[in-house]
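Below is one structure; the comments refer to it alone.
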Amino acid sequence: MQMSDARDIKADRATVWAALLSPEVLKECVPGAQEVTGTPEEGFEATVVQKVGPVKATFKGMVKVSNIVELESLTLTGEGKGGAAGYAKGGANVRLEDSETGTRLSYDVEASVGGKLAQLGSRLVDGFAKKMADQFFTRLEEVLEGPSEDDPEPEAEKKGWLKRLIS
């Protein structure tokens, strides 16, 4: 499965770059993340709980950061094992460039699954993967920008904490 997309984030490139390399921000943004630890140099370990169709699993995995061009691009590659549910592995090439509103983040993702997850069918798995990517980048925008005006969530004041922290 492959997908590509881009997002405009209302933050400067250095802030977006720092967020992509922060285990705290990754934990906040990855849907279902229970724990994310590590460093960009040594890689990140993650524990993520997800339900794909009828299959619910806890995935434990490793994400490595490579091809780093500071403030411009990087590659994330990872693999997670979910016990009897199977495994998921993939990679993302992420690019940052200046835009009129801040930073344009573009990404190309390639992913594959095996085990029970693969038996669910590619339409269900592909739809789930796209939803996860959308949720990740939506949360990243919220962490960096703060809540949108039409955000009805009562915990809206929690969002944008990274921007407040480094401002």
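The values are calculated or read from the model by the stated rules, or taken from the named source; none is laboratory data. No experiment lies behind these values; they were computed from the predicted model shown. Reconstructed Cβ throughout: ideal geometry from the backbone, glycine too, with neighbour counts over all protein chains shown. Protein only, heavy atoms only, side chains kept; ligands, DNA and RNA dropped before computing areas. Shrake-Rupley method; radii C 1.70, N 1.55, O 1.52, S 1.80 Å.
Around residue 103, what is the net charge, scoring Lys/Arg as +1 and Asp/Glu as -1 over all other residues with Cβ under 12 Å from its Cβ?
Result for the local shell: -3.
With a cut-off of 8 Å between alpha carbons and a minimum separation of six or more residues, what is the relative contact order of the chain in percent?
24
Go ahead and estimate [θ] at 222 nm for the chain from helices alone: -39,500 (n - 2.57) per DSSP H run with n ≥ 4, summed, over the residue count, rounded to 500.
It comes out at -8500 deg cm²/dmol, rounded to the nearest 500.
What Kirkwood hydrodynamic radius, in Å, does segment 1-143 give when the mean of 1/r is taken over all pairs of distinct Cα atoms and then inverted?
After inverting the mean inverse Cα-Cα distance, the result is 15.5 Å.
Calculate what fraction, in whole %, of the accessible area of segment 1-91 sits on carbon and sulfur atoms when a 1.4 Å probe is rolled over the protein chains. All intermediate terms of the calculation are to be shown ahead of the outcome.
Details: 2450 of 4780 Å².
Whole-percent figure for carbon plus sulfur exposure: 51.
Quote the FRET efficiency, to the nearest 0.05, computed for residue 14 versus residue 45 with a Förster distance R0 of 25 Å and r equal to the Cβ-Cβ distance.
0.45
Net charge around residue 75, counting only other residues with Cβ within less than 15 Å of its Cβ (Lys, Arg = +1; Asp, Glu = -1)?
Values: positive: 64, 89, 95; negative: 41, 70, 72, 79, 108, 110.
Local charge sum for residue 75: -3.
Given a 1.4 angstrom probe, what's the average accessible area per residue across segment 1-85, in square angstrom? The partial results should precede the final answer.
Details: 4500 Å² over 85 residues.
That works out to 53 Å² per residue.
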